[in-house]
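The values are calculated or read from the model by the stated rules, or taken from the named source; none is laboratory data. This is a predicted model, so every value here is computed, not measured. Cβ coordinates were reconstructed from backbone atoms using ideal geometry, including for glycine residues, and neighbour counts include every protein chain displayed.
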Amino acid sequence: MKEAEPQNGGDTPSDSGSGQISPLSIQAAALVRSIESLSSVFWIGFGGTFLSMLFAGLSQLEANAATDYIYLGEYQVPKSILPLVSVGFAGFTFWLTGNRMTMLSRALRRSHLPQDTVHEIFRLNPPVLNIFDADNARPWKPTTGINVFIINWSIFFGNSLALTWSSALQQGASFGDFDLPLLVLYLALTILVLAYARSAIAPPLAQIHRALHDHSLRVTWPRYLIAGGIVATVFIINHWDQVDAPMEQSDNLLGPAMGNAIDGETLFLRGVEVQLFGMDAVEADQVCQDAEGADYSCGRQATYALQTLLRNSAVVCFPLFAVNESRVVAACELTQDGADIPSSPIDFMQEGRERNLSRLMIAQGHALSIGIGSQYFGSDQDEAQHRGAGIWQGSFQPPSAWRRR
């Protein structure tokens, strides 16, 4: 008696011996692969946020706060590239996320799997953030996948803005040479990347939620409020020393008061260590070579030169930012009887102020102009080099190279 052959419907897998694969199995596999690839992109986003936290923290260390670079052992990472790297990374990751979500949305739309089977696939193979759960419609619940996604990227952009501030405004940052238009351009690029993220990610996300739960998911104002608050908080945490800078006077000035030199670029003024803006003096222990090639202590000479300038005149400083609770970077100048005291950084740096301490130390050949300071003191450095003043009388290592050695 002949056994009855199995009946294969249009939606049922055929006999494995026939070598055929059910279309429904292919659709299920496509959903699983799409979900897995989306999870991989989320992990990339988390990795980027941790790196942004690392570099934002390193940029605030005393050794890095007033230089062009972030030092990682023997390696140097220019601060100037970090904001652009952040924008590029965010743009690429948002593109990848939108692409994977679109792929998942299309796989879901083209699927003929029963709804129960689809829900079972998402339950057994959830993406890392569970961003497709029904709970994601609750905007104030912080543990939903969508909110975790928003919190992660808010932390990233808070650190990114902190790095931009460090690169653009702190002493010695070569990225600070670009002036205001390029800073505005960077901020515009950040806004464009965020706008692109919304246009690339929100539509497929809403479509997937509609297919799974019969309702669309919208990024409503509570989530924007949370994101803005986190960005601001992260930025302030990264620059708390600047927010809480030791400004003891109502006019934001430090002094006038008598100061005491610590080294060729640092003085002690009213209980605060003040590092002179726009210059890099030879280190206190640095050795240079004179015109005959003999070694001499150029670092001690630089310290003595600054102390000599401070000996007979009070100094007034405008703190620009704080390195830590008791150390600031400031524009400073010696006071003069009958002369007006500057009240802003522009006043301190303007042409013709020959009593600016950074200008005097560079003109005497004890320091190099760096970062934004090159715009103001470059001609003084050229003149000192032409005269063979100070370190220009012979050969020397740039102070940054001496420190690295």
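General remarks:
- Of the criteria (1) among the small types (Gly, Ala, Ser); (2) modelled with pLDDT under 80; (3) not in a helix (DSSP H, G or I), which one GLY264 fails: (2)
- Subset of region 183-228 that is among the β-branched types (Val, Ile, Thr) and out of contact with any Gly (no Cβ under 9 Å at 6 or more places or on another chain) - its residue that is surrounded by the most Cβ atoms within 10 Å (Cβ to Cβ): ILE208
- Of the candidates PHE94, PHE50, PHE89, the single residue that is over 30 Å from PHE277 (Cβ atoms), buried (at least 16 other Cβ atoms within 10 Å of the Cβ) and either under 13 Å from the mean Cα position of the chain (by Cα) or not assigned by TED's automatic domain parsing to the domain that holds GLN27 (or both) is PHE89.
- Any hit, region 276-289, residues being of a type in the set (Gly, Ala, Ser), surrounded by fewer than 20 Cβ atoms within 10 Å (Cβ to Cβ), modelled with pLDDT under 90 and not in a loop (DSSP other than H, G, I, E, B): no
- The residue of region 323-339 that is farthest from GLN301 (Cα to Cα), among those that are part of a loop (DSSP other than H, G, I, E, B) and at pLDDT below 75, is GLY338.
- Members of region 140-165 that are assigned to a helix (DSSP H, G or I), polar (S, T, N, Q) and within 22 Å of ILE208 (Cβ to Cβ): ASN147, ASN152
- Residues located in region 278-320, provided they are of a type in the set (A, V, I, L, M) and in contact with a Pro (Cβ under 9 Å, 6 or more places away or on another chain): ALA281, VAL282, ALA314, VAL315, VAL316, LEU320
- Residues being touching a residue at least 12 places away in the same chain (Cβ under 8 Å), under 30 Å from SER326 (Cα atoms) and part of a helix (DSSP H, G or I) are represented in region 183-204 by at least one member.
- Restricting region 360-374 to residues that are assigned to a helix (DSSP H, G or I) and within 24 Å of the chain's Cα centre (by Cα), the residue that is surrounded by the most Cβ atoms within 10 Å (Cβ to Cβ): GLY373
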